[in-house]
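Below: the structure, in structure tokens.
The values are calculated or read from the model by the stated rules, or taken from the named source; none is laboratory data. These numbers come from a predicted model, not from an experiment. Cβ coordinates were reconstructed from backbone atoms using ideal geometry, including for glycine residues, and neighbour counts include every protein chain displayed. Accessible surface areas use protein heavy atoms only, side chains included; no ligands, DNA or RNA. Shrake-Rupley method; radii C 1.70, N 1.55, O 1.52, S 1.80 Å.
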Protein chains: 2
Amino acid sequence: MAIDLTTRSDVVKYHFLSITRPSSAFLTRIAAIVLSGWLCIVSGQKPAIGDEGMWLFSNLPIELLKQRHSFEPTAEWTDQLMRSSVRFNSGGSGSFVSSNGLVLTNQHVGSDTLQKLSTAENDLVTRGYVAMTLEEELPAPDLELNQLISITCMTERVNNAIKMGMTAADAAAARRAVIADIETEFNQQTGNRCNVITMYGGGQYHLYEYKVFTDVRLVWAPEHAVAQFGGDADNFEYPRYCLDACLFRVYEGDKPAVIGNFLKWSVNGPAETELVFVSGNPGNTSRIFTSAAIRYERDFRIPDVLNFVRRREILLQQYSLNGPEQKRQASDELVGFQNARKAYSGMLAGLQNPEYLAELEKREQEMREQLAADPALAELSVAWDEIESVQHRRAELGKRSFTLNTRLYWFAQTLTRMAEEDRKPNNERLPEFRDSNRESLLQRLLSTAAVYHDLERVKLADMIGRTLEIRGGDDALCQQMLDGKIPSYRADTLVCQTRLMDRDFRKQLVDGGSNSIDASDDPLLVFARVLNGEQRLLRLADEELDEREIQAYSKISRALFALRGTSIYPDATFTLRLAFGVVSGYEEGGLAIPAWTTMDGAFEHEAKHNGNEPWQLPESWHESGQKIPGNTPLNFICTADIIGGNSGSPVVNKNLELVGIIFDGNLQSLTGDFYYSEHQARAIGVHSEAIRQALSTIYAAPSLADQLGK
Amino acid sequence: MAIDLTTRSDVVKYHFLSITRPSSAFLTRIAAIVLSGWLCIVSGQKPAIGDEGMWLFSNLPIELLKQRHSFEPTAEWTDQLMRSSVRFNSGGSGSFVSSNGLVLTNQHVGSDTLQKLSTAENDLVTRGYVAMTLEEELPAPDLELNQLISITCMTERVNNAIKMGMTAADAAAARRAVIADIETEFNQQTGNRCNVITMYGGGQYHLYEYKVFTDVRLVWAPEHAVAQFGGDADNFEYPRYCLDACLFRVYEGDKPAVIGNFLKWSVNGPAETELVFVSGNPGNTSRIFTSAAIRYERDFRIPDVLNFVRRREILLQQYSLNGPEQKRQASDELVGFQNARKAYSGMLAGLQNPEYLAELEKREQEMREQLAADPALAELSVAWDEIESVQHRRAELGKRSFTLNTRLYWFAQTLTRMAEEDRKPNNERLPEFRDSNRESLLQRLLSTAAVYHDLERVKLADMIGRTLEIRGGDDALCQQMLDGKIPSYRADTLVCQTRLMDRDFRKQLVDGGSNSIDASDDPLLVFARVLNGEQRLLRLADEELDEREIQAYSKISRALFALRGTSIYPDATFTLRLAFGVVSGYEEGGLAIPAWTTMDGAFEHEAKHNGNEPWQLPESWHESGQKIPGNTPLNFICTADIIGGNSGSPVVNKNLELVGIIFDGNLQSLTGDFYYSEHQARAIGVHSEAIRQALSTIYAAPSLADQLGK
């Protein structure tokens, strides 16, 4: 199956959980999770228990919070938290933490921008950065932040557009059109970005109104070595000792934006057993999945993803062997792929547990029996069969599906499609070409970030080779791709001859519109045109399957609402959600794992590994780290239900004071795509006080620290 | 498809070409090879041109050598070289270099033994080793060396056993039986190991008589850092600077064996343009392959192998992160997989060249037309269709085929099969259980080499997980494998509970015979028994396809003999072959690449990379390396036709003096499995003088150096 880890929506899914750790312990731990944890699972098919849930801000579990934690959020409380939360369109979360536009997130969320701002001479990923004045704040080349302003239900209007007896393709087109119309209408009305989001797998449609910030500047980032202390080996581990935080600032009219809703700063941070809230944008979960969909994940999609991830990981490692500059160019992407490999390995292990699937099937069976017993609901039961049939078709489609996504090819493909789509009325276009998304699209297409020639070359060669492996070397389209040459030669030629590396050239094509793009004989555009027909067919085939699933899952959602009540949360969709939980350690292998770690612990952890990479704290920490009291908490854990995309999410207490930010989950949380457990699964955060003190003392920026929460 | 890189016959294929290099240059170079080099290719379907050929010692290209190099080998010359050559059953080549049993090979061929002789405290791979006295020579735990004594043609006798109208399965059984009978008969007659080898893809059968040495002791090995200087990055590169050599000694009756046939030592080494000979055991080539077989390699087998290789490479990297001892345990295997990845990537790039396949098809077409024109040969043409049909079946079989090969599982599976096979008459057994192979089998089964518990655990878990991915998680056999648990838990349990780690326990089972093995309730034996039925079915299905191919390729061989004459060489079969060529540089990217490198060059290469790993020469070289004249040649290249398995092969001049040993091929040689080119493809050797001087000066063992060639 074609896996596209390079588009934004996909990156979200993989970018949160940061790096990797040793296989043997990893596998043993995964065994422990899956064998001990899954019995308390709750799929979308049961009401949430414990601290499970990624709740909609428009449908918070008020009763549950009252009963379980004696807390009742008010409308003001909810609105304040919602508007203080920030989405990073590059794939992560954050929050406003000052009235003058400071945004706090993880260093690993900011690292895409750090990489793009770096050069061979000045590597901000490795060295970190502090702007001592506003003038020193560095504009990000293509970063976009979103602030959620309002949520409105549009289910009826969307559903009314779908008529009985429509084919899946027609229904998908009708749905796309009505969604585009709604978005345009509300965009004109509010002046803000408006997106219709499919919730409950198609059970509901909500309009999300976002204020968009595109002038975002880097303020502070610590060194990679301490942000991701322990690297690949410690990733998904706990106890952890990472200062995985950084600061941006949003600007309007070339001045720091004036922000009305921001979080106050907690000096003490969270106490053990304290109730905390996580407000962020979990990327994607699959908790509503039927057993047939789970089988497809287990036997097809995840194994394919893992093959691709390992392939790219090795490619990037090999590229890095060329020298320090190549290593720098590849490092951010490499970390992402290492992280993805570890996350998917954990997921797959969870799905390969025969008891998990047996339990899921049992519950499905029970539910279908309940439905059959009620004449008003009986027809909903076909949904499970429909979803099974879609999975078979997906497996078939996987034999032809391919992607070539490198940055240069993405430019070529996007421009080629833009030429086609822009000739259509707005509401008939593919979503990314709609007016409502144009600003984001252009920001990415016209990004000033460097494109690395050699890296593009080896990636494109590998992707062409992989396409031959998927479709077979005799495939007519593959033959056209090769043009008589081998993949690497073809890629070399295309990358050397295209002008798409040049932003001005891209701008010229965009400004010239459809005719100008179509008339270009740039070799990579010509190449993209050759592939465009088949790629469009595959995309439409895929969307038709999505539509069939949407219709089926909307039936399952109706069944759930009918049988289990409406206080359920939908699967994550990279939109703002509220999770809650308590700060709490856990027991593992007879050991009590503490709820937090300290500054002293970081130095001890370094010493334990003899300071070998990746356990080498940066110079700044050796110079000034000990000035911070050793017992200052550094990282902490809580039971909140989080997933990839939640990286950088603020953790707040009842008083809406920021007590920390999420940066990872532990190994036991890796099955979270499919089910939640609070037995040992934990979200891991950076403590607010560690951030404030480090900023003030280690990074010598007390004036920045003073702005926090004010 | 199931890939078994851990059995001996397979390792041969992958073990020669040592480590890896950067993707970008790699791909560019591969492009250059495939685009410039392939036009002078010669598949099995044309007579050899240039210095192509891995010739049988029983059918040397006397005329070609006379014409091309004005040299005519005598029978004595041939016999002396044959008997001076040594096969390492672990997957490599070597030669006798003294009358008192010294055997010279590559460090990377010996590294399997070095690893097995190492402990956490004393890592011989890293540190190297020198035995200053016979007493210090270290017995290898399970190394077997073979010396070829004679070759006898058995084609008629084998073919007579196959009757018209037999099914493929019956024919395979009949062939196996007659081969076993011949082997037993000649073994009894000579007292030596006798193996019948299928040559020319089934066109001929030859009896190879080997003297076997099982008491083999380590004498000298340099440090890994200089043996594989430049590591993964420099692998398959040239110019190179590796002292990839080590010495063993064979013993008989606990004394150094007295060796009648050994090579003299050349002080001057090879001169530019000098004719040299390589006598070694190339593992496997596929030059007779039809276009249908090439398509199967390109679209199925090699992509599958690469997915597996990358998977294992990442697993071993992750395991190594656990600490220095884990890194040591995994290092030898990791190097092997890195090497395989690079080798297969090069092969695949070659096969993905559309012009190569077009040319092959054109030649096939011509040949089939020639056959059709001759009534006596016309029937041979069906062979191509038959081979195509076999490929489709192989692709089908690949959806069920799996292997679990870890060392512990290999013990369990082998014992389980031994119990079954030993109940059959010798000539009906699977080949590895025949009397003629029993000594090798027991040496491996009862090896004293350490088995690493944690490494076995993660490998078994991964192989079980992979089997689920191949066959689907619902597969009944997979469910039996899991026994209700996830792969890692199941593997943990099996590895923790089995007693097969214990050599005495294995010996007890072997000594107790079939009944004792069958009666054992060791969990891993029970597990192997569960899988045995299906694994046997898959193996038989595979062998039936092999048989169909043998019959088809034997027809193609007959066609070749009829149309092209009998002076052709068969594909490599890990049996002794003679290659020849001249010492010669080449041109690349406008640069003249020299025919050899020097000692000084090694230090310059280190300096160029700032002495960063893997470009850090060992301490011994920094202390004493400069005592050797700087212009002493270190590595050299020649045009001889070599492939994996040739590692350690002696390179000799016309006077049978050893001028060096093969240790690698350059990038341009990577397509050698399928075709030879002398445009830029080169075999890389260590120079004889570098070995002698290093031994004497850097490793302070002049008395060993004095034994060389005497």
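So how many residues does the range B:318-363 have that are surrounded by fewer than 18 Cβ atoms within 10 Å (Cβ to Cβ) and of a type in the set (Asp, Glu)? The qualifying residues number 4.
Conditions tested, residue by residue: (1) at pLDDT 95 or above; (2) in contact with a Ser or Thr (Cβ under 9 Å, 6 or more places away or on another chain).
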site	(1), (2)
B:Phe277	yes, no
B:Gly280	yes, yes
B:Asn284	no, yes
B:Ile288	no, yes
B:Ala292	yes, yes
B:Glu297	yes, yes
B:Asp304	yes, no
B:Arg310	yes, no
B:Ile314	yes, yes
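Scanning the range B:480-498 for residues being within 8 Å of another protein chain (Cβ to nearest Cβ) and either open to solvent by 20 Å² or more (accessible area, probe 1.4 Å) or not in a helix (DSSP H, G or I) (or both) gives a total of 5. When A:Ile151, A:Ile182 are screened for being β-branched (Val, Ile, Thr), within 24 Å of A:Glu544 (Cβ to Cβ) and touching a strand residue (DSSP E or B) at 6+ places or on another chain (Cβ under 9 Å), only A:Ile182 passes. Since B:Cys242 meets every condition but one in (1) modelled with pLDDT of 95 or more; (2) in a helix (DSSP H, G or I); (3) out of contact with any strand residue (DSSP E or B) (no Cβ under 6 Å at 6 or more places or on another chain), which condition does it not meet? It is condition (2) that B:Cys242 fails. In the condition set (1) among the hydrophobic types (A, V, I, L, M, F, W, C); (2) within 14 Å of another protein chain (Cβ to nearest Cβ); (3) without any contact (Cβ under 8 Å) to a residue 40 or more places away in the chain, A:Ile182 is compliant with all but (2). Of the residues A:Glu333, A:Glu237, the single one that is within 30 Å of A:Phe636 (Cα to Cα), in contact with a Lys or Arg (Cβ under 6 Å, 6 or more places away or on another chain), among the acidic types (Asp, Glu) and within 14 Å of chain B (Cβ to nearest Cβ) is A:Glu237. Test of understanding: among A:Ser696, A:Ser703, which residue is of a type outside the set (D, E, K, R), open to solvent by 10 Å² or more (accessible area, probe 1.4 Å), in a helix (DSSP H, G or I) and under 27 Å from A:Pro594 (Cα atoms)? Only one candidate qualifies: A:Ser696. Residues in the range A:505-522 include none that are modelled with pLDDT of 95 or more, within 11 Å of another protein chain (Cβ to nearest Cβ) and open to solvent by 10 Å² or more (accessible area, probe 1.4 Å). Reported count of residues in the range B:121-148, each being under 20 Å from B:Arg328 (Cα atoms), outside any helix (DSSP H, G or I) and open to solvent by 60 Å² or more (accessible area, probe 1.4 Å), is 2.
Checking each residue of the range B:246-255 against the condition of being open to solvent by 10 Å² or more (accessible area, probe 1.4 Å), touching a Ser or Thr at 6+ places or on another chain (Cβ under 9 Å) and closer than 27 Å to B:Gly672 by Cβ gives no match. Here A:Tyr676 passes the criteria (1) open to solvent by 10 Å² or more (accessible area, probe 1.4 Å); (2) at pLDDT 95 or above; (3) of a type in the set (Phe, Trp, Tyr) except the one numbered (2). With respect to the stated conditions, B:Glu469 is touching a Pro at 6+ places or on another chain (Cβ under 8 Å), part of a helix (DSSP H, G or I), open to solvent by 30 Å² or more (accessible area, probe 1.4 Å) and of a type in the set (D, E, K, R). Applying a threshold of 6 Å to beta carbon distances and a minimum spacing of six or more residues, or different chains, the list of pairs starting in the range B:52-81 at a residue that is farther than 11 Å from B:Leu578 by Cβ and open to solvent by less than 70 Å² (accessible area, probe 1.4 Å) and ending at one that is among the hydroxyl-bearing types (Ser, Thr, Tyr) and at pLDDT below 95 reads B:Glu52/B:Tyr676. Residue count for the range A:459-479 under the criterion of being facing chain B (nearest Cβ under 7 Å) and under 22 Å from A:Leu415 (Cα atoms): the result is 1. Against the numbered list (1) surrounded by 13 or more Cβ atoms within 10 Å (Cβ to Cβ); (2) closer than 26 Å to B:Asn339 by Cβ; (3) not charged (D, E, K, R), B:Thr632 comes up short only at (2).
If you scan the range A:550-579, which residues turn out to be open to solvent by 30 Å² or more (accessible area, probe 1.4 Å) and either outside any loop (DSSP other than H, G, I, E, B) or charged (D, E, K, R) (or both)? If the condition is that a residue be open to solvent by 30 Å² or more (accessible area, probe 1.4 Å) and either outside any loop (DSSP other than H, G, I, E, B) or charged (D, E, K, R) (or both), then A:Ile550, A:Gln551, A:Lys555, A:Arg558, A:Phe561, A:Ala562, A:Leu563, A:Arg564 are the ones that fit. Scanning the range A:369-401 for residues that are among the charged types (D, E, K, R) and surrounded by fewer than 14 Cβ atoms within 10 Å (Cβ to Cβ) returns A:Glu369, A:Asp374, A:Glu379, A:Asp385, A:Glu396, A:Lys399.
Please work out if B:Asn646 is open to solvent by 10 Å² or more (accessible area, probe 1.4 Å) and either free of Cβ contacts under 8 Å to residues at least 12 places away in the same chain or touching a strand residue (DSSP E or B) at 6+ places or on another chain (Cβ under 7 Å) (or both). Here the answer is no, as B:Asn646 does not meet what is asked. Just for the range B:262-295: of the residues that are among the aromatic types (Phe, Trp, Tyr) and crowded, with 23+ Cβ neighbours inside 10 Å, which one is farthest from the other protein chains (Cβ to nearest Cβ)? This residue is B:Phe262. Of everything in the range A:274-288 that is part of a loop (DSSP other than H, G, I, E, B) and more than 17 Å from A:Leu64 (Cα to Cα), the residue that is farthest from the chain's Cα centre (by Cα) is A:Ile288. Here the range B:580-606 is the region considered, the condition is being among the small types (Gly, Ala, Ser) and open to solvent by less than 70 Å² (accessible area, probe 1.4 Å), and the residue that is farthest from B:Pro650 (Cα to Cα) is B:Gly590. Just one of the listed residues (A:Ala172, A:Ala180) is open to solvent by less than 10 Å² (accessible area, probe 1.4 Å), outside any loop (DSSP other than H, G, I, E, B) and not acidic (Asp, Glu), and it is A:Ala180.
Per-residue answers, yes or no, for (1) more than 26 Å from B:Leu482 (Cα to Cα); (2) away from every other protein chain (no Cβ under 14 Å); (3) under 26 Å from the mean Cα position of the chain (by Cα):
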site: B:Ala358; (1), (2), (3): yes, no, no
site: B:Arg368; (1), (2), (3): yes, yes, no
site: B:Ala373; (1), (2), (3): yes, yes, no
site: B:Gly398; (1), (2), (3): no, no, yes
site: B:Phe411; (1), (2), (3): no, yes, yes
site: B:Asn437; (1), (2), (3): yes, yes, yes
site: B:Gln443; (1), (2), (3): yes, yes, yes
